[in-house]
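These notes are about the structure you will find just below.
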Amino acid sequence: MSTLENLLREDRTFPPPPEFAANSVVPEDVYEKAQADPDGYWLEQARTYVSWFKEPTVALDDSNPPFFKWFADGELNVTHNCVDRHLPEHAGKIAYHWVGEPGDTRTITYGDLGVAVNRMANALKGLGLEKGDRVAIYMGMVPELPIAMLACAKLGLVHSVVFGGFSSDALASRILDAHARVLITQDGAWRGGNIVPLKANADRALQQTPEIEKVIVLQRTDHGVEMTEGRDIWWHEFVEGQSDECEAVPMNAEDPLYILYTSGTTGKPKGIVHTQGGYLTAITATHQQVFDLKPDTDVYWCAADIGWVTGHSYIVYGPLANRTTSVIYEGAPNFPDYDRLWQIIDDYGVTIFYTAPTAIRAFMRWGEEYPAKHEMSTLRLLGTVGEPINPEAWIWYHLNIGRERCPVVDTWWQTETGAIMISPLPGLVETKPGSATFPLPGVFADVVNDDGESVPLGGGGYLVLTRPTPSMARTIYGDDDRFVDTYWSRFPGRYFPGDGAKRDEDGYFWLLGRVDDIMLVSGHNISTTEVESALVSHPSVAEAAVVGRKDDLTGQAIAAFVTLKADVTGDEELLSELREHVASTLGPIAKPKSIVFTNDLPKTRSGKIMRRLLRDISENRQLGDVTTLANAEIVAEIAEMAQVTTED
Ligand code: ATP
Ligand code: MG
């Protein structure tokens, strides 16, 4: 048996490496303790991980469900926790190693961060902004992005960061929805050797957003942009002459910290509202515990974009509160070549690396020769988030990036949960490729059927969280009803994230993708994730997306869209081979009825496969909301091919 086959055996588990087990940052009895007294557990986390101006005395307030509160009598400031409390003692400690795409670099210490944040905060105060006012931020991956967020948080301003890859329309709709008064942006950002014209995009958006009074523009690229007199000001002029000192505004634990719109994979994005105390507690605790963070020695790199929740929680607030040294990289992972990330890992001695399955599948397609060129001997732990990870991709990551020595933590969570909810603790939990394992201590999850009854181990259904956690969204901005309808109505008293899951006989959770995507074929529920993972386990397949389309005979029929590895051509023979491969892996019922070979799949700008568009194509419907789609051209291409595909 080859190493790969051996590693992919269904019963294969990966125990915590001895050095993780011996030096775990969490005690072994943590699960039982949290189970026995969740409120006590969370209060203890709040006291351990957060410096409060006024310590909270209560954990959960559930007097007005589902509008839960946490630590409601506590007062704190998030920026004080992320920066000020580390000063002056740790002023020289590096907060961020920043790597620009063209090769320029910057080193930002906690001392630097303190000064830059205070100057920006003082300048913002000068605009007459008040606690609770919204500030939109539309930037690339530059140190000034966390600086802008922290400056807002220091004053109690609510930021709404819009991912720099979004179009002007997407930016405009988010500014309008949040009623932002100020926009912070930059001239342009480097991506794949090109400049993303952020300011020009913003200018187009601003034609639709009368409430914006001031636009602050960071200079990054010198490519020349138009500045509107009276409205626009350069960042460096804006902060010029501002004091290095700025008092942190004490905030109630339940005051809003930020608004962030979900990725838009399933439809119109929702403006998720996060608050201060519970959020900071949960992200800081999970950042240390899930990543086994040792703040004095680790170099941590979350390669997500700060414009997504992963970046908010695990590039900015969690890592800074834990006094971490992190890496931020500005640009594309394949610029100038396919080994850019591996080069950066070696350059900075990165010890912890966190990325998404979509990126891992791209690395697989590019080939293992790229990571093989680099030592990467400092790495000790790997993480993944964003989609279910195919076991094949998990093993590839473990072998080619982790060199078989790094535990892999598959972390399930969402914009709405704010912090990681289901994930291994690397010193305590044996992992299984493709499973996010167990709810973290203090998190309570179940798998239920249509009637909301718990499904016994071995079965699948809807994932629910049965108890609120401190970092959970408090509402959808300006739309309490949608909040209640979307998350709290399907199963009264429980939070419904919209994902399907199953539990195996050992109680491990396996995420099955969004319930909207789950297929019903001849009366059988079949998860898209499982069929996709079966396809990806075939040596010719790089990536696959599967949807159920209406079928007169079987209710739904499985339609697969498959991207092949670089050197493979899709023909009739491969088509039947793949169908047989799925049948032999999962059973004949899961055999795709049609397979389309395509060069790419429709994805959100965060890289997630948008199955709903493939469903629209398969059923010859008008496409739904495409504003968050990254690669519009591929949709037309696939639509054309789907019409000429072979079926039987
Ligand atoms: P929208 O809610 O607007 O449709 P989205 O759900 O893609 O967009 P996010 O909040 O960024 O927006 O993503 C959270 C979702 O990503 C989860 O609900 C889940 O479907 C998926 N996900 C995240 N991490 C994992 C994981 N480790 N395993 C499986 N699925 C995951
Ligand atoms: Mg979602």
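The values are calculated or read from the model by the stated rules, or taken from the named source; none is laboratory data. All values derive from a computational prediction rather than experimental measurement. Quick reminder, even Gly has a Cβ in these numbers, built from the backbone with ideal geometry, and neighbours come from all protein chains shown. Note: areas computed on protein heavy atoms with side chains; ligands, DNA, RNA excluded. Shrake-Rupley method; radii C 1.70, N 1.55, O 1.52, S 1.80 Å.
Worth a mention:
- Those residues of segment 273-306 which are aliphatic (A, V, I, L, M) and under 28 Å from Gly40 (Cβ atoms), in sequence order: Val273, Leu280, Ala282, Ile283, Ala285, Val290, Leu293
- Criterion: within 15 Å of ligand 1 (Cβ to nearest atom), farther than 26 Å from Pro15 by Cβ, among the hydroxyl-bearing types (Ser, Thr, Tyr) and buried (at least 22 other Cβ atoms within 10 Å of the Cβ) - qualifying residue of Ser471, Ser435, Ser423: Ser471
- Residue among Thr415, Thr384 that alone is in contact with a strand residue (DSSP E or B) (Cβ under 7 Å, 6 or more places away or on another chain) and closer than 24 Å to Ser540 by Cα: Thr384
- Cβ separations smaller than 6 Å between residues 6+ apart or across chains give the following pairs from segment 42-69 residues that are acidic (Asp, Glu) and in a strand (DSSP E or B) to residues that are modelled with pLDDT of 95 or more and open to solvent by less than 60 Å² (accessible area, probe 1.4 Å): Asp61/Ala72.
- Residue satisfying all of: in segment 609-648; assigned to a loop (DSSP other than H, G, I, E, B) and open to solvent by 70 Å² or more (accessible area, probe 1.4 Å); modelled with the lowest pLDDT among these: Asp648
- Some residue of segment 208-230 being at pLDDT 95 or above, of a type outside the set (Ser, Thr, Tyr), in contact with a strand residue (DSSP E or B) (Cβ under 7 Å, 6 or more places away or on another chain) and within 16 Å of ligand 2 (Cβ to nearest atom): no
- Taking helices (runs of 4 or more DSSP H) as the structural unit, those lying wholly within segment 344-416 and holding at least 2 residues that are in contact (Cβ under 8 Å) with a residue 12 or more places away in the chain and within 16 Å of ligand 2 (Cβ to nearest atom) correspond to 357-366.
- Scan of segment 489-511 for residues that are open to solvent by less than 20 Å² (accessible area, probe 1.4 Å) and either assigned by TED's automatic domain parsing to the domain that holds Gly624 or aliphatic (A, V, I, L, M) (or both), ordered by number: Ala501
- Filter result for the condition that a residue is touching a helix residue (DSSP H, G or I) at 6+ places or on another chain (Cβ under 6 Å) and within 16 Å of ligand 2 (Cβ to nearest atom), over Gly307, Gly271, Gly267: Gly271
- Residue within segment 274-291 that is within 16 Å of ligand 2 (Cβ to nearest atom), in a strand (DSSP E or B), modelled with pLDDT of 95 or more and surrounded by 23 or more Cβ atoms within 10 Å (Cβ to Cβ) present: yes
- Count of residues meeting criterion [among the polar types (S, T, N, Q) and open to solvent by 60 Å² or more (accessible area, probe 1.4 Å)] in segment 211-227: 1
- Any hit, segment 427-441, residues being more than 20 Å from Ser471 (Cα to Cα), at pLDDT 95 or above and either of a type in the set (A, V, I, L, M, F, W, C) or within 16 Å of ligand 2 (Cβ to nearest atom) (or both): yes
- Wholly within segment 133-211, helices (runs of 4 or more DSSP H) carrying at least 2 residues that are within 22 Å of the chain's Cα centre (by Cα) and closer than 27 Å to Asp337 by Cα: 144-155
- Verdict on Arg231 being basic (Lys, Arg), surrounded by 12 or more Cβ atoms within 10 Å (Cβ to Cβ) and over 23 Å from Val158 (Cβ atoms): no
- Out of Arg119, Arg174, sole residue that is basic (Lys, Arg) and closer than 30 Å to Asn631 by Cβ: Arg174
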